[in-house]
1. Assuming R0 = 22 Å, what is the FRET efficiency of residue A:479 and residue A:421, from their Cβ-Cβ distance, to the nearest 0.05?
2. Evaluate the relative contact order of chain B (contact order divided by residue number), counting alpha-carbon pairs under 8 angstrom at least 6 apart; express in whole percent.
3. Evaluate the relative contact order of chain C (contact order divided by residue number), counting alpha-carbon pairs under 8 angstrom at least 6 apart; express in whole percent.
4. How far, in nm, would the chain grow between residue C:135 and residue C:33 when pulled straight, counting 0.36 nm per residue and subtracting the alpha carbon separation?
5. What's the angle, to the nearest 10 degrees (0 to 90), between helix A:441-450's Cα axis and the longest principal axis of chain A?
6. Nearest 5 percent is fine: what portion of the DSSP beta bridges confined to chain C is antiparallel?
7. Residues of the range A:623-662 with amide nitrogen under 13 Å from the 7 Å Cα-to-Cβ point of residue C:95?
8. Helix-only mean residue ellipticity at 222 nm, chain C, DSSP H runs n ≥ 4 weighted -39,500 (n - 2.57), per residue, nearest 500. What is it?
């Protein structure tokens, strides 16, 4: 049986004016377990707290109820008071007789009666309280970044600069990501490579950063502060330590039929290649699906020309195991599949391209060495049509319901760059809406319209086809003029929707991080915790969380890094003691609880139980209290009632219901 | 059911389950803003609406509650990200079942009240208390022994 | 049916002798010919007692839970009708049984018979029922009678789920496929269309018959808990008897709620209720609501599917929908 003290606060006149505090004290004295009750003017004051401490000592109290303001206000205060007096802080319950009573009721009898009932409910609950101890877990001071684009690089640099070890896992052969493929960046029109490559080099040279390129995360186990990760380092068939990046092998390779991914397959590369000149690491890689040596066992030309002896045809995939305290997902995006939009002839006509392909065409290192040419006949175009929202803001099955956010701006950029470099080219842009929120963004778009005379037409393109002149005809509607238009053009550029990178689903399920219906990773709170995943210790950086441009990505990457640093700076994590716990004798191992847990805190073990003398091995739920946040979803999903929540147990809540309804 | 000794008029008993992060804070705000609602409403704090077990609601009815209302964060704003989505399904099905058994559907309600919606909290409780008062005493789903 | 029994015994015997399985979970006759009960057979000799006929309505899947836990070597052969395989899959989904320890023979079915329906038709002193295509030959101590087979089907067979096996290792199927089941939600819709008072009167009447024998709970393959919440002293809902009308309702509401989204609608609860309470009408109400509100879902259709109550969509219906639709 508990020995309970009840402390009724006047809160000056805030409570005492409407609630007869003396009557409350008298009324609760006969409640089960109550052996002391007193009222006082300001319970939260130094003197009030001392009163509680003295009473705890004097009456050997095991639990206390404070009838006062909201627990959201002073629960923490009174828990500390209890701790000072030597009882467990979780043996405190608050009856909210101010916000929920004295402040809203005018009739003193009514308010007093309600205050007594609220006090009874708290007493009934504290009778069933048990001392709770917050757990502790250690923190591995190392972070893992999944994805080596600008988001991953920025997060890694920020964490590394704060003094912690960081590993970047990147599945392609170089870091840099999508930004490396861009020619210029809006709204300043500076060259992407000029601002990105120094960061890539910095990441490679940073003493705290380890790069695992051409590698993928194989498995993730563990929890916040203690992740065990297996990384598969795919065989490059080139010794990274020996290769000097001289690129002789890449020029000699006779297998040159396959597309060059870096240039969006607009030109070809050898089977042994370096993705691009500024690749980090600047090391060749052999594409075994194209290499003649792997296909026929012959060739081996690269091996012959490599003066460093770096070619290793017998290299194997390698598994690296490492422990991490925090993980940042920075898996970025890809261009969505535009082949579904066949009205634009993308699959049929080489002059219909995506915006990313245009980036490569405009880039000095691209397939046309930076000269704007039609891919069909390598001639200079006279007219270019841009089509916005290809797959974005599209509620049909083939599109994405969301706005890809970056297309309005990069299309204005493309239009402007083309008009600047080739004033003879007419540029038309078909749009649904032009969305340019952002610093200097609208000014940028207006420059395209006003200074560069880019022809913006509100309306969607219905159809594109090749006409008898060997050019393209664009059928569209001008919504503002309310008329159909037919435009003859040389090139059509599609602003295709962006979508989360392929493989993000696997990453998310490995991390038990949730994803939304569009495969974007879900944040822990859409407004207040936008860079954290609901899974503790997993953070989000860049487009994997939602469409965003480079400055936003970099900001989020920095924010994620700060969250990581904040976590790694701790030696121990104190865990919330109000966690779910299963009763092993009642658990069926049915997996219902696991399915509703937003934190992936529940797993199952085969364990021998002794059920009243009957020994058997059962599948039992196990809650990782370091991950459990105490929402209680599992307690209701559990059909047998085996799962219960400390601090808000079934019996405690039932007791409150009973007390209120008495 | 409670009997007000002075007036001897019947007063309903209403149990409100409020999630700690939104609705309980909304109720606090109603208090801070002095927005009144009947004292018949008694609030029980739970961490999340997904902690509300249908058994708690039935238990409240058994013990004499005349109405039970559950309040949680608006869908999409759950502190635990998904709790109220599960609660929404559970309560929809439970209430539908109670209705199917012929228990006045108006005696059960779910409202989403954010921490900023003190006004809404007060309006909801006033409205719910009015509804329950009009319905009168709950006799269909209760333990007769609890009715003194 | 005699033919099926012969095939089942033959095949079970073969599998026992070649060691594929070490025991057979089937049926044997009780005191009356229609009183068929689940039974284990451990050798080919014992199989002569194995019964397989038109009264084998019982769903054997739940008996596998304990069978999988015994320390015996080898696999268990189980006879499952198409509808039983849904429960089987649901138990697999919930990790209650071990697929590797089980050998499923799917036995084709054209609907099982309900002795209570025959009795209700006025047949007394029934000694034997012979399946004769669409007709039943009923031998009674007062002479031979006949009735339509369709009129004597179990409720679950009236609303047959179909003839597909959702899980099996092999199939013995010599039966002509029966007709597609009737609309299983008819009874629920009938109640929904009543007034609130009429519904209350209906359920008050039905549930007041409950003697809390727990047969519904014990037979239900979805009620597979080691220990029921009603037996759990810390659940706050423990109770062994119905001491008042509240507890009658509480027990059945919570039982239906706990199996909501997991119930395959196998109809065993109603079949075994000694008081004849139409318990399936509670489960089907949940199924109907789930289908209408969250999209069609059949528990046990596939192993590992996510039950509707441990799932959600962002734009699920609000609970207020209950207040907006149907009769008050």
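1. Given R0 = 22 Å and the Cβ-Cβ separation, E is 0.15.
2. Over chain B, the number comes to 34 percent.
3. 16
4. On the way: separation 102, 0.36 × 102 = 36.72 nm, distance 1.86 nm.
Going from the current span to full extension adds 34.9 nm.
5. For A:441-450 against chain A, the angle is about 30 degrees.
6. The antiparallel fraction comes to roughly 60 percent.
7. Hits in the range A:623-662 for residue C:95 at 13 Å: A:623-624.
8. -9000 deg cm²/dmol
Values in this text are rule-based calculations from the coordinates and carry no lab data. Predicted model only: the values in this text are computed from it and were never measured. No Cβ is skipped: glycine too gets one built from the backbone with ideal geometry, and neighbour counts run over all protein chains shown.
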